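For reference, the structure discussed in these notes is given below.
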Number of protein chains: 2
Amino acid sequence: MAFNRLLRVPEAELLTLLYGEQHRCCTVPQPELQLVLSSEREIDLIELEQLCDAVGWSRRPLRRVRKALEHSLLRVGLWRHDPRVPKLVGFARCTGDGVVEATVWDVAVHPHYQGAGLGKALMRYVLERLQAMEVERVSLFADPGVVEFYAAQGWDLEPLDRRCAFWYAP
Amino acid sequence: MAFNRLLRVPEAELLTLLYGEQHRCCTVPQPELQLVLSSEREIDLIELEQLCDAVGWSRRPLRRVRKALEHSLLRVGLWRHDPRVPKLVGFARCTGDGVVEATVWDVAVHPHYQGAGLGKALMRYVLERLQAMEVERVSLFADPGVVEFYAAQGWDLEPLDRRCAFWYAP
């Protein structure tokens, strides 16, 4: 059994303490990197803002982000594991009723960690969490640059010729 | 002031009692019809099932429908007013975080009441209720037959070439 040198607790127990019962470790080519998915560990809003900056998203007032996260059906973080200071390097969230519909928003992986299959692992984990709730259907709006990413993972693009429409608050 | 003959309360007061403070009366060509929109009056699940049958939607177990409604951000009904037994003739609901995102689902108007602008009034009411929450963006997935309906009301179809994708529980 692997023990953490600093904290003297078994490594698996430490991961559960930090990331919750449902956490998932990701396999990456670099053996020194430990990356962990979790829907239970709380998302730090400042870290989330830094991640959004890194992927080039516009900022929102933190109190609105906090409320949006609180009212989301699912929040998933991807952390670069560190026993003292895990670093948030990926994120996704869903809104929905948790029964019939769920919609995925704000999927992000920090540019330094892209290209290692982490986006795919993140989406697979999101779907697993939603399946555990027995959600019937999951939807998302794919930007042109990521259409192939979702198609390759078995998402059904515009089934029945459905089109997406948006209305923006004036 | 118009009084209700049966219940001896002013008509406006009766409507507020039945449909809540935020109700909205719809103007229709038939003067004998009074149609009222409300996000406050409770939706009867049996009536909703009958409405879904009338528009040709497949049935779902009522306990799942109940849970989906409970976890929706907004539920709007359109009633044919009757002081004793209002009849549900239209429906829409939204999921979302109530801050950044809301998504519209299950927009239905009973076939007997279509063609009088009620779908448009229903959607306008949905957007007003979401604006009152200060939601930034509202989204929906439009079937081919209703794309023009939404486009005519100012919805932005596939902005930035976004495409919709669905994943269905196995």
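The values are calculated or read from the model by the stated rules, or taken from the named source; none is laboratory data. Just so it is clear, the structure is predicted and the values come from calculations on it, not from any experiment. Cβ coordinates were reconstructed from backbone atoms using ideal geometry, including for glycine residues, and neighbour counts include every protein chain displayed.
Here are a few things to note about the model shown:
- Members of the range A:141-155 found to be in a helix (DSSP H, G or I), surrounded by 14 or more Cβ atoms within 10 Å (Cβ to Cβ) and more than 8 Å from chain B (Cβ to nearest Cβ), listed by number: A:VAL146, A:PHE149
- Among residues of the range A:76-94 that are free of Cβ contacts under 8 Å to residues at least 24 places away in the same chain, those with a beta-carbon under 9 Å from a residue that is of a type outside the set (Val, Ile, Thr) at least six positions away or on a different chain give the pairs A:ASP82/A:GLN34.
- Pairing residues of the range B:114-136 that are within 16 Å of B:ASP97 (Cβ to Cβ) with residues that are assigned to a helix (DSSP H, G or I), at Cβ distances under 7 Å and at least 6 apart in sequence or on separate chains, gives no pairs at all.
- Residues of the range A:120-140 satisfying the condition of being farther than 17 Å from A:TYR19 by Cβ and surrounded by 21 or more Cβ atoms within 10 Å (Cβ to Cβ): A:MET123, A:LEU130, A:VAL135, A:VAL138, A:SER139, A:LEU140
- Criterion (crowded, with 18+ Cβ neighbours inside 10 Å and among the hydroxyl-bearing types (Ser, Thr, Tyr)) met by exactly one of A:SER39, A:SER58: A:SER39
- Residue match in the range B:77-90 (condition: more than 8 Å from chain A (Cβ to nearest Cβ) and under 18 Å from A:VAL100 (Cα atoms)): no
- The residue of the range B:129-170 that is modelled with the lowest pLDDT, among those that are of a type in the set (Asp, Glu) and out of contact with any Lys or Arg (no Cβ under 8 Å at 6 or more places or on another chain), is B:ASP161.
- The range A:61-88: number of residues that are out of contact with any helix residue (DSSP H, G or I) (no Cβ under 9 Å at 6 or more places or on another chain) and surrounded by 15 or more Cβ atoms within 10 Å (Cβ to Cβ): 4
- Filter result for B:ARG24 (away from chain A (no Cβ under 11 Å) and either in contact with a Pro (Cβ under 7 Å, 6 or more places away or on another chain) or of a type in the set (D, E, K, R) (or both)): yes
- Top-ranked residue of the range B:116-138 - restricted to ones that are more than 10 Å from the chain's Cα centre (by Cα) and hydrophobic (A, V, I, L, M, F, W, C), ranked as farthest from the other protein chains (Cβ to nearest Cβ): B:ALA116
- Verdict on B:LEU62 being touching a residue at least 24 places away in the same chain (Cβ under 8 Å) and either in contact with a strand residue (DSSP E or B) (Cβ under 8 Å, 6 or more places away or on another chain) or within 14 Å of chain A (Cβ to nearest Cβ) (or both): no
- Against the test of being part of a helix (DSSP H, G or I), in contact with a Phe, Trp or Tyr (Cβ under 7 Å, 6 or more places away or on another chain) and aliphatic (A, V, I, L, M), the options A:LEU122, A:LEU160, A:LEU127, A:LEU88 yield a single qualifying residue, A:LEU127.
- Breaking point among (1) modelled with pLDDT of 90 or more; (2) more than 27 Å from B:MET133 (Cβ to Cβ), for B:PRO29: (1)
- Which numbered condition A:CYS94 misses (of (1) buried (at least 20 other Cβ atoms within 10 Å of the Cβ); (2) facing chain B (nearest Cβ under 9 Å); (3) under 22 Å from B:VAL65 (Cβ atoms)): (2)
- So B:VAL99, is it of a type in the set (Val, Ile, Thr), part of a strand (DSSP E or B), in contact with a helix residue (DSSP H, G or I) (Cβ under 6 Å, 6 or more places away or on another chain) and surrounded by 20 or more Cβ atoms within 10 Å (Cβ to Cβ): no
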